[in-house]
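The values are calculated or read from the model by the stated rules, or taken from the named source; none is laboratory data. Note that this is a predicted model, so its numbers are computed, not measured. Virtual Cβ from ideal backbone geometry, glycine too; neighbours counted across all protein chains shown.
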Amino acid sequence: MESLTNRKKVVSDKPMTLWEKIYIPAIVGGMMTTMRHMLRRRKTIKYPEETRVFAPVYRGQHVLKRDEQGRENCTACGLCAVACPAEAITMTSAERVKGEEHLYREEKYASSYEINMLRCIFCGLCEEACPKEAIFLTDRIVTTEFERDEFIYGKEKLVESLDDRIDITKRQFTGKRTEK
Amino acid sequence: MDTAMLIEKSVLVLLLFLISLGVAAYQTYFERKLAAWIQDRVGPDRAGPFGILQPIADGTKMFLKEDFIPAKADKWLFIIGPGISMFTALITSSVIPWGTNLSLFGRDISLQVADFNIGILFVFGVVSIGVYGIMIGGWASNNKYSLYGAIRASSQMISYELAMGISAITIVMLTGSLSLNDIVESQHGMNWNVFYQPVAFFVFFITSLAELNRAPFDLPECESELIGGYHTEYSSMKLGLYLFSEYTSMFVSAAIMATLFFGGYNFPGMDAFSGNVLAILSITAFALKIFLFIFVIMWIRWTIPRFRFDQLMHLGWKVLIPVAIVNMLITGIVVAWNQGWM
């Protein structure tokens with residue numbers, strides 16, 4: 001059969017030659033290999049003191065964005081939940097009443113919005129599906145918990161706070177905002 | 001023997017004891033670091049800066065563990081086993097000349113605890129007793145794996161002692177003395193025995209690895225086959241003593257290899273110095289040689305896999321002993337020729 005890779009090797013069990021029988025050249029060769037490894041630079045990241053540098057487009061914990069005036073972008077259209085391959089997103093929608101214009105950008109908003117972080121596979125499809133630039137994945141890491149239900153993040157954890165806005169400009173393609 | 005001599009020797013013995021233990025402790029650290037480097041890891045670095053307090057933490061852990069003696073074990077033999085191992089590992093250091101004479105308090109202090117005229121024989125005798133510690137420990141544990149480990153250790157010891165002795169005899173032939181002091185003095189400067197006896201050194205080095213139960217000859221403590229080998233049943237500081245004695249004997253046998261083949265405390269250009277400066281420099285040179293040997297032994301351990309037991313026996317009896325004997329015969333003929341006996 002024609003071989004599919006170029007890694008095919010013919011194995012032989014010929015008796016060892018004298019050079020092989022005295023083992024020493026092989027041992028010295030092995031020791032050279034280990035010496036090379038000894039002199040190599042360590043790639044270890046000593047975690048608590050050092051942390052790994054994330055790529056600017058790292059897909060970590062989600063954020064629900066507010067617009068420039070601090071109003072929630074999300075209109076509870078449900079496209080993110082439809083797009084989600086892990087079915088991690090659930091939401092209920094509500095109608096904006098008079099006097100809430102400073103809270104929600106459009107007439108409809110999500111009264112509850114939950115992401116199950118244990119189901120989420122951080123694929124970023126929700127972000128891609130969102131027509132309102134409301135949901136983004138960030139470079140934050142979902143923290144560990146002891147109870148499973150603590151991994152279901154509600155709006156209190158997902159919506160960015162007014163004082164501590166989260167920068168997602170690195171995740172935006174240029175011109176995307178005008179399109180949406 | 002006057003009182004000052006007694007004090008001088010006691011201080012030297014105490015110093016040697018502490019240094020051997022300290023070196024053994026830090027060998028464990030160095031070994032772990034080296035293993036880590038070879039495997040592209042960082043190694044212990046949490047206890048103190050660069051992890052240098054790791055041996056102390058390990059020792060404390062050993063002390064705090066439960067000291068357990070199995071119900072069916074022979075209690076007294078079980079207890080003296082690690083003691084014998086440690087004793088034999090430590091006592092060999094008494095005949096090694098650690099440096100040239102040191103002048104302190106108006107006295108000429110020899111840095112050798114005891115200058116036996118049969119130094120080499122003493123070393124070989126003590127090293128052979130070393131296997132008793134392992135054998136007794138393995139036997140007294142009343143555990144088949146321990147016994148297997150002990151049997152392996154002793155058969156390996158017997159097989160390799162022969163080649164080791166024969167390769168060391170060539171040095172005795174060249175020097176004409178069994179005293180380690182004479183052997184070192186005959187290698188003054190760069191006149192090291194390894195240049196005259198490379199084959200003997202080679203055989204001696206390999207057999208030393210086997211005597212130390214170090215890789216690639218570490219079958220007595222083969223975890224995958226023997227659950228740890230002769231010290232399977234040991235815990236707490238008794239286990240600690242076994243492990244410790246292994247490192248101590250590694251230190252001592254590195255010193256002996258340096259003494260016999262690499263000129264001991266001699267170093268090139270040593271005639272330019274004298275007195276205490278020479279003594280300090282010679283101790284440093286010797287320590288450096290010991291360090292290099294320890295490094296190479298560890299380097300080998302983390303490079304090559306273990307021998308199979310039949311391969312080990314094959315290497316010992318069918319390769320090393322014939323090589324050592326031929327080497328001894330050739331040396332004998334050359335020595336006799338030079339002396340005009342032929």
Which numbered condition B:G51 misses (of (1) modelled with pLDDT of 85 or more; (2) within 14 Å of chain A (Cβ to nearest Cβ)): (1)
- prompt: Is there a residue being over 16 Å from the mean Cα position of the chain (by Cα), within 14 Å of chain A (Cβ to nearest Cβ), within 27 Å of B:G119 (Cβ to Cβ) and not charged (D, E, K, R) anywhere in the range B:294-312?
  reply: no
- request: Just one of (1) out of contact with any Gly (no Cβ under 7 Å at 6 or more places or on another chain); (2) surrounded by fewer than 21 Cβ atoms within 10 Å (Cβ to Cβ) trips up B:T170, so point out which.
  value: (2)
statement: Across (1) surrounded by 19 or more Cβ atoms within 10 Å (Cβ to Cβ); (2) not in a helix (DSSP H, G or I), B:M135 clears everything bar (2)
message: I'm trying to understand the selection: among the residues of the range A:149-167, which are exposed (fewer than 12 other Cβ atoms within 10 Å of the Cβ), within 20 Å of the chain's Cα centre (by Cα) and not in a loop (DSSP other than H, G, I, E, B)?
response: none
- request: Please identify the pairs in which a residue from the range A:24-35 that is at the interface with another protein chain (Cβ under 9 Å from one of its Cβ atoms) has its Cβ atom under 9 Å from the Cβ atom of a residue that is of a type in the set (D, E) and in a helix (DSSP H, G or I), counting only partners at least 6 apart or on another chain.
  value: A:A26/A:E20
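Yes/no matrix, rows are residues, columns are (1) touching a helix residue (DSSP H, G or I) at 6+ places or on another chain (Cβ under 9 Å); (2) in a helix (DSSP H, G or I):
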| position | (1), (2) |
| --- | --- |
| B:M5 | no, yes |
| B:E8 | no, yes |
| B:A25 | yes, yes |
| B:T28 | yes, yes |
| B:K33 | yes, yes |
| B:W37 | yes, yes |
| B:D40 | yes, no |
- request: Check the range B:67-80 and report whether any residue there is under 28 Å from B:L180 (Cβ atoms), at pLDDT 85 or above and not in a loop (DSSP other than H, G, I, E, B).
  value: no
- request: Would you check if there is a residue in the range A:47-62 being within 24 Å of A:F151 (Cβ to Cβ), surrounded by 19 or more Cβ atoms within 10 Å (Cβ to Cβ) and of a type outside the set (D, E, K, R)?
  value: yes
message: Restricting to the range B:17-53, count the residues that are within 23 Å of the chain's Cα centre (by Cα) and either more than 21 Å from B:L239 (Cα to Cα) or touching a residue at least 12 places away in the same chain (Cβ under 8 Å) (or both).
response: 16
query: Pairs, please: C-beta under 6 Å, at least 6 apart or cross-chain, first residue in contact (Cβ under 8 Å) with a residue 60 or more places away in the chain and more than 18 Å from B:I134 (Cα to Cα) and in the range B:202-216, second part of a loop (DSSP other than H, G, I, E, B) and of a type in the set (D, E, K, R)?
result: B:P216/B:R306
statement: Filtering the range B:180-191 down to residues that are surrounded by fewer than 22 Cβ atoms within 10 Å (Cβ to Cβ) and in a loop (DSSP other than H, G, I, E, B) yields B:S186, B:H188, B:G189, B:M190, B:N191
message: Can you tell me which of (1) within 14 Å of another protein chain (Cβ to nearest Cβ); (2) surrounded by fewer than 20 Cβ atoms within 10 Å (Cβ to Cβ); (3) in contact (Cβ under 8 Å) with a residue 60 or more places away in the chain is the one B:P322 doesn't meet?
response: (3)
- prompt: Which number in (1) under 15 Å from B:I206 (Cβ atoms); (2) more than 10 Å from chain A (Cβ to nearest Cβ); (3) in contact (Cβ under 8 Å) with a residue 60 or more places away in the chain marks the one condition that B:T331 misses?
  reply: (1)
- request: Restricting attention to the range A:133-148, report how many residues are among the aliphatic types (A, V, I, L, M), farther than 24 Å from A:G78 by Cα and either touching an Asp or Glu at 6+ places or on another chain (Cβ under 7 Å) or not in a loop (DSSP other than H, G, I, E, B) (or both).
  value: 0
- request: Mind listing whichever residues of the range B:198-225 are assigned to a loop (DSSP other than H, G, I, E, B) and aromatic (F, W, Y)?
  value: B:F217
message: I'd like to check which strands (runs of 3 or more DSSP E) are fully inside the range A:36-131 and have at least 2 residues that are within 14 Å of chain B (Cβ to nearest Cβ) and under 26 Å from A:I152 (Cα atoms).
response: none
message: Let me spell it out: the conditions are (1) within 13 Å of chain B (Cβ to nearest Cβ); (2) under 24 Å from B:T303 (Cα atoms), and A:E20 meets all of them except one. Which number is the exception?
response: (1)
- request: Inspect the range A:81-93 for any residue being touching a strand residue (DSSP E or B) at 6+ places or on another chain (Cβ under 8 Å) and at pLDDT below 90 and give the result as yes or no.
  value: no
Options B:T100, B:T88, B:T60, B:T92: the member that is surrounded by fewer than 15 Cβ atoms within 10 Å (Cβ to Cβ) and more than 14 Å from every other protein chain (Cβ to nearest Cβ): B:T60
query: Within the range A:94-103, is there a residue that is out of contact with any helix residue (DSSP H, G or I) (no Cβ under 6 Å at 6 or more places or on another chain), closer than 12 Å to A:H62 by Cβ and in contact (Cβ under 8 Å) with a residue 24 or more places away in the chain?
result: no
